[in-house]
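Step one of this worksheet: look at the structure below.
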Amino acid sequence: MNPQQHETPFLSNLIKARDAHEYSFHMPGHKFLPGHHPLMTALAGDLIFEADMNEISPGVDYLHAAKGALREAQRLQAEAVGADHSFFLINGSTVGNEASMLAAVHDGETVIVPRAAHRSVYGGLILSGANPVYVPPVSHPQVEFPLAVAVDTVADLLRQHPEAKAIQITSPNYYGYLSDVGGLARLAHDHGIPLLVDEAHGAHLPFHPDLPPSAIQVGADLVVQSSHKTLGALTQAALLHLNGSLIAVSGVERILSLMQSSSPSSLLTASLDAARQQMATEGHALLTETIRLAAYAREGIRAIPGLWCYGDELVGEYGVFAHDPTKLVIRVTDTGMNGHTFATHLAEEHNLFGEFVDPKHIICSITIADDEARVDYLLNALHTVAAQGKPTTTENTLPSLAAPALPQMVMNPRQANFAASRRMPFSQAVGQICAEQIMPYPPGIPMLLPGERIDADMVDYLRYVKANGVAIVGPEDTSLEYVRVIGGE
């Protein structure tokens, strides 16, 4: 390890700037004065104001024109994970996914994208004007959610769409399962195009050999990571990594300068510097314990009547190439409760909240911040709630209705997003072109996106899942009585 990895160039300079106690007659309005607002002080202490400095203060490097400490901090970040270049993000992985799309594809060009992507990927489609070719979602029969993207499926799509300029995937997903990113990178490069990876949930992967390799390490061209999700950075702090020469460094810099705030938070930036330093110097030891705790938790969950925690047994089918053991996908339906009911008990009776919930599962994340006492609390809470179940009930059962085929794309997302639209009863919208995103959540896969034609099967399916208690997110009217369609009022 390079001894410089012990350094925190940006954070250390920020501490010096704070300790200088300058007399500020510039932004921010609180002038770094402690106790500026009693409620904020009660929340986070005086230092939240003292350290909230900007580039006007001597020694604080500027995100959009890094010259010294911040440039060095980003260089150390790239070195720590094995990237050619790393960029600090203060607008989360959302801006990373949008910037990746803008850097790789342009208006009217084709990009291959999984349908089961984060909404920021769809935001990137709208901003870029690219035409998406969707990888159809294939749900794993046990988890009932698409866990990965198969290389063969993408290869077939490339044969059908040789004009494609990029491939974008999500790996790992919320459930902790990974696609064969290395195989997809080789496939992309054989066609002379880049692979973009939303690795928001995998910022920890580069720092331990017992974890699946990061997309950075297996050839992906642009990789987005949320340091705040699995490491110790502050919420909203994320990273964008660049490898190879298919994407220009200057182009990424230019796009990020357009999309990120011109008043970047030094606190967020400093937390990225600190998270990198911690993982580069202590990450192996910290993650060794995290992996042990996750295995301890998985074994304990499997011993609780009515519960099961998935692991490596799902690897090898439905495109699943690897599994992140720090994600606990806990099936609860054998207790007679669905995921939402089980989660409500955990919250109300134990003040315990998982990463997210779907109709069958509670998903919990074990990180470097956990210890055995916290895991024992989780296990005891799960055991207590599971014991309240009544396995003979059918509360967990959702009447079966197969999801319809992917709808026809009539306009690309950008065209549809900026087209005139009108509101009409959803029941009368068959044949119309949707003007908004409609997504049952969970599982969070968009059933309709702007620019897609609404058919009768889609209307029936969405009304069916809504009637069975599944939340709808995205549209103006989440009750789905009305929908916005393309066309003037």
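Read the figures in this text as sums done on the coordinates, not as results from a lab. Keep in mind that what you see is a predicted model, and the values were worked out from it rather than measured. Glycine gets a Cβ as well: all are built from the backbone with ideal geometry, and neighbour counts include every protein chain shown.
Worth a mention:
- Label sites at Ala20 and Ala403, each approximated as a point 7 angstrom past Cα along Cα to Cβ, lie 5.4 nm apart.
- Long pairs among Lys360/Lys390; Lys327/Lys360; Lys229/Lys360, criterion Cα-Cα beyond 18 Å: Lys229/Lys360
- Paired Rg and Dmax values of the range 3-280, which use every Cα atom, in angstrom: 19.9, 64
- All-pairs Cα distance distribution in the range 47-179, expressed in whole percent, bin size 10 Å: 11, 30, 30, 19, 9, 2
- DSSP-loop chymotrypsin sites (Phe, Trp or Tyr not before Pro) across the range 152-235, with at most 13 other Cβ within 10 angstrom: none
- P(r) weight above 18 Å for the range 8-85, C-alpha pairs, percent: 49 percent
- Each peptide in 8-16, 21-29 receives the mean, over its residues, of other Cβ atoms within 10 Å, and ordering these scores from highest gives 8-16, 21-29.
- Cα radius of gyration and Dmax for the range 290-386 (Å): 12.8, 38
- The chain - mean residue ellipticity at 222 nm from DSSP helices (-39,500 (n - 2.57) per run, n ≥ 4, rounded to 500): -11000 deg cm²/dmol
- Spatial separation of Cα centroids for the range 224-267 and the range 161-212, in angstrom: 17 Å
- What the Cβ-Cβ distance of Ile56 and Lys390 gives, at R0 = 60 Å and to the nearest 0.05, is a FRET efficiency of 0.45.
- For volume of the Cα convex hull per residue in Å³, calculated from these coordinates, the label among [x] 173; [y] 163; [z] 189: [y]
- Here the contact order of the range 290-386, divided by its residue count and restricted to Cα pairs under 8 Å and six or more residues apart, works out to 32 percent.
- Considering the range 413-486 at the alpha-carbon level, its Rg and Dmax are found to be 11.1, 33 Å.
- With N counted as the residues of the range 165-281, its alpha-carbon radius of gyration over 2.2 N^0.38 Å works out to 1.08.
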